[in-house]
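In what follows, a structure is listed as structure tokens, so that the remarks can point back to it.
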Amino acid sequence: MTARRPLIQALGFLIATCVLIPTFANAAAPTTKAEHIAIAEQYEQKAVEQDAITQEHMQMLKDYRANAHRYPKQTRQKQIAEMKKHCNSIIRASKQLANDYRDMAKWHRTAAEHLEDSE
């Protein structure tokens, strides 16, 4: 399991990078309060999206456990273990992405506070 941690972290970084490329690829570095605040809002929205993914997979895992009795007894434990692995991996990654997005939003809001109002 620990051998997969770097892979999961790399995947999270790749997803975050790919998601942000269309938004920021052609943009110049923000230089005004308004630009920093706009970017902060984009990061905050992405954090909310990751929160939704977290909740979706937490509910999926809960529902799967509640309905496990419907699966053949011979394969039930294996199916539960596979679903748990799947959901927990996504839950961890989406929570980390949400935290990273919130950190960047905070950074941009702080940067905006340090700029003159006239900019």
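For region 24-36, the count of residues that are farther than 30 Å from Gln79 by Cα, part of a helix (DSSP H, G or I), modelled with pLDDT of 65 or more and under 10 Å from the mean Cα position of the chain (by Cα) is zero.
Within region 94-118, can you find the residues that are modelled with pLDDT under 95 and loosely packed, with under 12 Cβ neighbours inside 10 Å? Result: Glu113, His114, Glu116, Asp117, Ser118. Might you check whether a residue that is of a type outside the set (Lys, Arg), free of Cβ contacts under 8 Å to residues at least 40 places away in the same chain and in contact with a helix residue (DSSP H, G or I) (Cβ under 8 Å, 6 or more places away or on another chain) occurs anywhere in region 25-33? No - not one qualifying residue is present in region 25-33. Answer yes or no as to whether Gln45 is of a type outside the set (Asp, Glu), at pLDDT 95 or above, exposed (fewer than 13 other Cβ atoms within 10 Å of the Cβ) and in a helix (DSSP H, G or I). Criteria met by Gln45. For region 69-83, state whether one or more residues are out of contact with any strand residue (DSSP E or B) (no Cβ under 6 Å at 6 or more places or on another chain), among the β-branched types (Val, Ile, Thr) and exposed (fewer than 14 other Cβ atoms within 10 Å of the Cβ). Within region 69-83, one or more residues are out of contact with any strand residue (DSSP E or B) (no Cβ under 6 Å at 6 or more places or on another chain), among the β-branched types (Val, Ile, Thr) and exposed (fewer than 14 other Cβ atoms within 10 Å of the Cβ).
The values are calculated or read from the model by the stated rules, or taken from the named source; none is laboratory data. All figures in this text were calculated on a predicted structure; none of them were measured in a lab. Glycine gets a Cβ as well: all are built from the backbone with ideal geometry, and neighbour counts include every protein chain shown.
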